[in-house]
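See structure below.
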Amino acid sequence: MKKSSLARIARRGFTLIELLAVILIISILVATLTPMVNDAIESAKVTGCQANLREIYKGLVLYNTKYGGIPNESGVKFFASLISKGAIDNTKTNAERLTCKAVDKSSLAIGTMEWQEWWNDLSRVDGTYSAYAGRDLKGFPLRQGLSSSGREPLVCDDNDPTLNHRTTTNVLYVDGSVQTFEFKALKEEGKLTKDETVLRVGPDSPIEDLTKFSLD
């Protein structure tokens, strides 16, 4: 075989330097794109949670139409009543809407149960069933129901024992709007210290709106 032919064959492969350069480029791309992918996934979970809360509000409107008021239970029972009392159908889709999409259901009590059973028996339901917190109606009654002030909160991420979402806490209000509390912004405003890793929900929350929820 001629010497020129051997040289052409040898050049068909990568040199070590070329291979290392390719690996370096791929590593840089992975390091650059991974945070963007993670942020996109997180954003999708927040958006999905907001959609859940809006559907819960529709359920409360149906409950109000059917029973002439809103559920009178606090905490998770507040919105679990939508299914247990028949305001909305007990379908898999509706059952799954009563907890945050971002939280693994296996970490909740419902993780060991068939979806048909999650909200059927209201006497069994407590804060371990959902990653949402419902309004504390005993401590903060809504005397005018869904006609109350639009600033009155109804359901939110429970953030128990960690944040439902890495950056955001979603809150459903009595006018049907869903508003957010951004973890970074709260720290910048001094409402959370730099060392705090969770936005507490319930009586001890540093945010007034979030004190009106029960984790039970």
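The values are calculated or read from the model by the stated rules, or taken from the named source; none is laboratory data. Quick caveat: nothing in here was measured; it's all calculated off a predicted structure. Cβ coordinates were reconstructed from backbone atoms using ideal geometry, including for glycine residues, and neighbour counts include every protein chain displayed.
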Mind listing just one residue for me: the one in the range 134-153 that is over 11 Å from residue 71 (Cα atoms) and touching a strand residue (DSSP E or B) at 6+ places or on another chain (Cβ under 7 Å) and, of those, surrounded by the fewest Cβ atoms within 10 Å (Cβ to Cβ)? 150
If I filter the range 154-165 down to residues being of a type outside the set (Asp, Glu) and surrounded by 14 or more Cβ atoms within 10 Å (Cβ to Cβ), which single residue comes out as farthest from residue 55 (Cα to Cα)? 163
Which one of these does residue 129 not meet: (1) modelled with pLDDT of 95 or more; (2) not hydrophobic (A, V, I, L, M, F, W, C); (3) not in a loop (DSSP other than H, G, I, E, B)? (3)
Matching option when the condition is farther than 15 Å from residue 79 by Cβ, in contact with a His (Cβ under 9 Å, 6 or more places away or on another chain) and not aromatic (Phe, Trp, Tyr), among 109, 102: 102
Yes or no: the range 42-56 includes at least one residue that is without any contact (Cβ under 8 Å) to a residue 12 or more places away in the chain, of a type in the set (A, V, I, L, M) and within 21 Å of residue 173 (Cβ to Cβ). yes
Among the residues of the range 104-111, is there at least one that is modelled with pLDDT of 95 or more and over 25 Å from residue 163 (Cβ atoms)? no
